């Protein structure tokens with residue numbers, strides 16, 4: 001018996017000790033990724049779904065196409081691609097990527113998978129799909145380097161765990177996110193141990209015209225018709241600014257509740273930077 | 001303690017300049033030198049502080065030494081001051097402190113920015129570079145977006161609206177119309193300013209300052225040498241400065257700038273004055289919402305009442321309670337980032353000496369204030385100027 005559900009912008013079908021997840025977009029009868037999704041973002045969503053259902057996945061076999069470091073930072077789930085010391089037989093879970101925008105999470109000893117394909121799919125606009133694909137290709141070129149406020153890969157990695165997993169610092173009086181260094185007495189703040197609940201209230205929002213977008217987004221902003229950013233407050237106190245995912249048609253209002261999913265933010269020098277983006281709560 | 005006076009001040013026209021960095025700086029310095037009433041020679045200058053973000057103009061490092069080399073100030077100690085859009089506001093503070101400390105008698109504070117020599121694509125690289133780039137820019141925010149978030153929240157928390165911002169835009173275009181140094185010299189109707197292209201919802205083109213080239217230069221002197229140069233000095237009554245967290249999301253409130261509040265309280269306190277004493281104020285209106293919030297944070301209106309202040313025309317020259325942005329502000333006069341802070345001081349110097357165009361003169365101006373903000377409020381410098389020395 002299977003039951004398809006929406007999860008972080010994807011469609012999931014849950015079965016015993018396994019999960020089928022797919023993009024909700026179809027192009028020419030094929031399931032295709034949405035404008036800021038790929039197998040890494042979907043793998044993270046799948047692991048997060050399994051965690052939400054009580055499965056204790058500590059390590060997993062990942063195919064080369066998935067960014068293992070990003071999966072680890074976002075979910076805490078290790079893999080041999082990320083950690084050379086991990087013994088092959090310690091890993092009890094697999095992720096298998098399909099030919100289309102689908103993947104399966106299952107125990108390594110599972111013998112067969114039997115999922116009923118989700119039906120709540122949407123045909124993606126062909127031009128939009130093509131243009132976004134081209135833009136991402138150009139953006140990932142080694143020569144594509146933003147200047148001005150250049151955020152190096154090293155600088156990105158310094159905050160990547162907090163960015164991808166909402167891990168925060170616990171101090172007397174509350175939680176701090178994004179992480180900070182020293183406190184007002186000059187002491188070192190603790191490392192991030194508490195994970196914020198990935199739900200927040202919109203305190204303000206804007207839609208920036210494509211012409212005014214930072215250079216990191218200059219190829220895609222015109223296709224998207226601008227960039228939509230929210231300032232939100234998490235229930236536990238901290239606030240943050242987040243882009244809205246590229247695959248939702250959403251007109252925000254102050255007071256709305258949103259949740260978050262890992263998506264591609266931008267790419268340069270051949271490296272995709274991932275981060276959380278906001279989705280309206282259905 | 002030594003008192004500090006402005007003995008000369010000058011600037012270029014702001015706008016799209018044919019001149020490069022050296023030419024613009026030379027023009028601003030020349031105008032400042034010639035504004036000194038008597039006996040001035042640039043070789044008398046002890047030290048210089050020059051604000052610049054180094055946006056364009058091909059000189060990212062050692063900008064200040066290049067500027068002084070081309071303006072008769074060879075060999076003096078000089079440095080570039082960078083605090084985003086507040087660069088020369090802080091250069092002015094540094095120059096004031098150099099004299100206050102007794103280490104120098106005559107000091108130049110200035111600023112320069114060349115912004116229109118870059119292609120549209122290269123300009124884009126610079127968008128939002130003075131915010132918290134790692135978190136804000138990667139969430140798609142540049143300063144129009146950041147200030148748009150503030151505006152929408154202000155509308156939500158207080159009885160303000162976009163119409164209030166339109167009133168600010170109309171006023172600043174009115175004030176800048178007769179300013180020979182202004183970038184955008186055109187009067188704009190309420191209807192026109194209310195129908196601009198949406199830049200960052202809810203801010204339109206008419207809520208945003210232009211991208212300008214320009215340079216400005218102010219000459220300061222210690223009290224014991226002032227009379228050698230002029231019988232009509234403008235005194236710096238006080239200097240206040242503060243900082244705040246770079247990112248909006250790290251601040252307790254996004255509808256007020258704590259750095260402005262702290263800097264102005266410090267300046268008012270040191271001068272023994274209040275907002276009510278000011279005849280005019282050059283405030284940092286990079287966006288119209290920034291002026292609305294500044295009128296509150298500087299104490300010209302109560303917190304949350306800046307919309308009403310604008311709507312009632314309280315900042316209009318010779319009509320309201322205090323003239324806000326007699327030069328036209330960043331909105332009309334223009335915003336060459338590093339030059340803006342000392343450019344504000346040039347305007348106040350001239351207003352207090354009665355040397356601006358007759359049509360722009362604030363009547364009976366005795367006290368004026370400059371308010372220069374870096375980024376979305378992470379840094380702020382406030383200076384109070386007066387015809388009289390501190391009592």
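We did not get these values from a lab; they are worked out from the coordinates using the rules stated. Computed from a predicted model, the values in this text were never measured in an experiment. Virtual Cβ from ideal backbone geometry, glycine too; neighbours counted across all protein chains shown.
Per the Kirkwood definition applied to all pairs of different Cα atoms, how many angstroms is the hydrodynamic radius of region A:153-280? Before the final figure, lay out each step's value.
Numbers: mean 1/r = 0.0636 Å⁻¹.
Over region A:153-280, the inverse of the mean reciprocal pair distance is 15.7 Å.
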Legend entry - Pairs of Cα atoms farther than 15 Å apart, region B:1-84, %: 62
Legend entry - Nearest 10 degrees, 0 to 90: helix B:87-100 Cα axis against chain B principal axis: 40
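Taking Rh as the Kirkwood radius computed over C-alpha pairs, what is the Stokes-Einstein D of region B:161-318 at 37 °C in a medium of viscosity 0.692 mPa s, expressed in µm² per second?
Values: Rh = 17.7 Å.
Diffusion coefficient, whole number: 186 µm²/s.
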Inset, instruction - Using every Cα-Cα pair within region A:4-124, state what percent have a distance larger than 27 Å. - result: 13
Inset, instruction - Grab every C-alpha pair in region A:1-60, bin the distances at 5 angstrom width from 0 up to the longest one, and report whole percents. - result: 4, 18, 29, 23, 15, 8, 2, 1
Legend entry - Ascending count of other beta-carbon atoms within 10 Å, so fewest first, for B:286, B:217: B:286, B:217
Inset, instruction - Give me the Debye-computed log₁₀ of I(q)/I(0) at q = 0.11, 0.20 Å⁻¹ for region B:147-245, equal point scatterers on Cα only, no solvent, two decimals. - result: -0.57, -1.05
Legend entry - GNM flexibility winner over chain A from A:251, A:218, A:167 (Cα, springs under 10 Å): A:251
Legend entry - Values of log10 I(q)/I(0), in the order q = 0.07, 0.12, 0.15, 0.17 Å⁻¹, for chain A under a Debye, Cα-only, solvent-free model: -0.26, -0.81, -1.29, -1.60
Inset, instruction - Translational diffusion coefficient, Stokes-Einstein: compute it for region A:64-185 using the Kirkwood radius over C-alpha pairs as Rh, at 25 °C and 0.890 mPa s, and state it as an integer in µm² s⁻¹. - result: 129
Inset, instruction - May I ask for the angle, rounded to the nearest 10°, between helix B:162-176 and the longest principal axis of chain B, with both axes built from Cα atoms and the value confined to 0 to 90°? - result: 30
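Starting with the fewest neighbours, write out B:216, B:71 ranked by other beta-carbon atoms found within 10 Å of each beta-carbon. It would help to have the intermediate numbers written out before the result.
On the way: B:216 36, B:71 24.
Listing B:216, B:71 from fewest to most nearby Cβ atoms yields B:71, B:216.
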Inset, instruction - Measure nothing but the geometry: give the 0 to 90° angle between the long axis through the Cα atoms of B:21-35 and the longest principal axis through the Cα atoms of chain B, rounded to 10°. - result: 60
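Quick one: order B:383, B:154, A:6 by neighbouring beta-carbon count within 10 Å, fewest to most. Before the final figure, lay out the partial values.
On the way: B:383 29, B:154 25, A:6 13.
In order of increasing Cβ crowding within 10 Å: A:6, B:154, B:383.
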Legend entry - Choice from B:35, B:101, B:87 with maximal GNM fluctuation in chain B (Cα, 10 Å cutoff): B:101
Legend entry - Mean-position separation - Cα centroids, region B:224-242 and region B:354-391, in angstrom: 13
Legend entry - Highest-MSF residue in chain B out of B:31, B:62, B:318 [GNM, Cα springs under 10 Å]: B:62
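Quantify how much of the Cα-Cα distance distribution of chain B extends past 40 Å, in percent.
Values: 5724 of 76245 pairs.
Tail of the P(r) past 40 Å holds 8 percent of the pairs.
Compute the Rg to Rh ratio over the protein assembly as shown from the alpha carbon atoms, using the Kirkwood formula for Rh, and round to two decimal places. Walk me through the numbers on the way to the answer.
On the way: Rg = 28.0 Å, Rh = 26.8 Å.
For the protein assembly as shown, the value is 1.05.
As a check on your grasp of the helix formula, calculate [θ] at 222 nm for chain B: sum -39500 (n - 2.57) over DSSP H runs of n ≥ 4, divide by the residue count, round to the nearest 500. Numbers along the way, then the final one.
On the way: 13 runs with 131 residues, N = 391.
Helix-only estimate at 222 nm: -10000 deg cm²/dmol.
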Legend entry - Semi-axis lengths, Å, region B:288-378, gyration tensor of Cα atoms, sqrt of 5 times eigenvalues: 20, 18, 11
Legend entry - region A:4-124, relative contact order [Cα under 8 Å, separation at least 6], %: 31
Inset, instruction - For n ≥ 4 DSSP H runs only, could you compute -39500 (n - 2.57) per run for chain A, divide by its residues and tell me the 222 nm figure to the nearest 500? - result: -5000 deg cm²/dmol
